[in-house]
Each structure stands twice: as C-alpha cells, then as structure tokens.
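As structure tokens, the structure follows; a few thoughts come after it.
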Amino acid sequence: WVKGLPRQGMLHLYYIRDADVIKQVRLQGAYDHADSPMMADPSGAWYGEELFGTFAPTWLRGYRWHEGAELHEAVGEGWIREHKLRRIQKKLEEKFSSSQDAVKKLDKDGSG
C-alpha cells in the first residue's frame with residue numbers, strides 16, 4: 001500500500017475508532033488502563049464529561065452520537081468527508097476574494 005502514496009504534496013491521515021472501541025477507552029483508558037480521565041467514578045459519573053466537546057469543532061458534535069448516547073469523539077469514518085469539504089472551502093476562502101472570483105480563476109476552459 002505504501003507504493004500508492006503520493007510522493008509530493010501533503011498527506012492527511014485520519015484516526016478513527018468505532019463506537020465499541022470508544023466505549024472501551026472510556027471504561028478502561030487507552031494507554032495504561034488505569035486512572036483514565038474518562039473513567040467512571042464510584043458513583044458511575046464520568047470524570048471529564050464536562051470536557052467532551054471543549055476542543056472539538058461544533059459541526060463535529062453530530063458525529064459523536066451512537067445508539068442515543070453522546071461519545072467523547074466522532075464515531076467511525078462518516079465525519080471525514082465533511083471535514084475534507086470544510087478544509088477545501090477554508091482554503092478557497094483564504095485564496096480568493098469571493099466564490100465568483102474562484103470560479104473565474106479556476107475555470108480554465110470557461111465551462112463553468
């Protein structure tokens with residue numbers, strides 16, 4: 001699979017977990033399996049639950065739901081397409097003054 005990687009430009013890799021893995025990490029931690037910040041305290045409340053969305057973009061929140069419960073990270077790979085589209089849109093906004101300007105400069109053959 002390494003032969004298929006591009007030799008120029010930037011390569012983006014996405015780290016994803018399925019819901020079962022995310023739940024397991026919350027129960028026992030991802031690294032040393034002890035004293036995880038996502039572990040439940042003796043009452044059953046999750047430590048760190050108030051921090052679930054602190055660093056995640058607002059649009060990503062919809063991808064954190066699984067079977068009626070909100071998890072602390074996006075589930076699966078469904079969010080990746082939206083992330084890519086948002087990244088492209090941001091890059092175009094940085095480069096061009098308007099959408100009309102972008103089309104004018106990118107449309108080499110005039111087909112729209």
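A few comments on the model shown:
- Residue match in the stretch 43-50 (condition: loosely packed, with under 10 Cβ neighbours inside 10 Å, modelled with pLDDT of 65 or more, over 23 Å from Gly76 (Cβ atoms) and not acidic (Asp, Glu)): yes
- There is at least one residue in the stretch 76-97 that is open to solvent by 70 Å² or more (accessible area, probe 1.4 Å), among the aliphatic types (A, V, I, L, M), closer than 20 Å to Leu13 by Cα and not in a loop (DSSP other than H, G, I, E, B).
- Selection count where residues are surrounded by 13 or more Cβ atoms within 10 Å (Cβ to Cβ) and touching a residue at least 40 places away in the same chain (Cβ under 8 Å), scope the stretch 56-75: 6
- Residue pairs meeting the criteria (Cβ under 6 Å; at least 6 apart or on separate chains; first part of a loop (DSSP other than H, G, I, E, B), in the stretch 7-29; second at pLDDT below 85): Gly29/Ser36
- Scanning the stretch 98-112 for residues that are open to solvent by less than 60 Å² (accessible area, probe 1.4 Å) and either of a type in the set (D, E, K, R) or part of a helix (DSSP H, G or I) (or both) yields Asp101, Ala102, Asp107.
- Conditions (1) farther than 27 Å from Val21 by Cα; (2) within 15 Å of the chain's Cα centre (by Cα): number failed by Arg86: (1)
The values are calculated or read from the model by the stated rules, or taken from the named source; none is laboratory data. Here the structure is a predicted model, which is why all the values come from computation and not from measurement. Because the Cβ atoms are built from the backbone with ideal geometry, glycine has one as well, and the counts that use them run over all protein chains shown. For the accessible areas, the whole protein counts, side chains as well, though only heavy atoms, and no ligand, DNA or RNA atoms are used. Shrake-Rupley method; radii C 1.70, N 1.55, O 1.52, S 1.80 Å.
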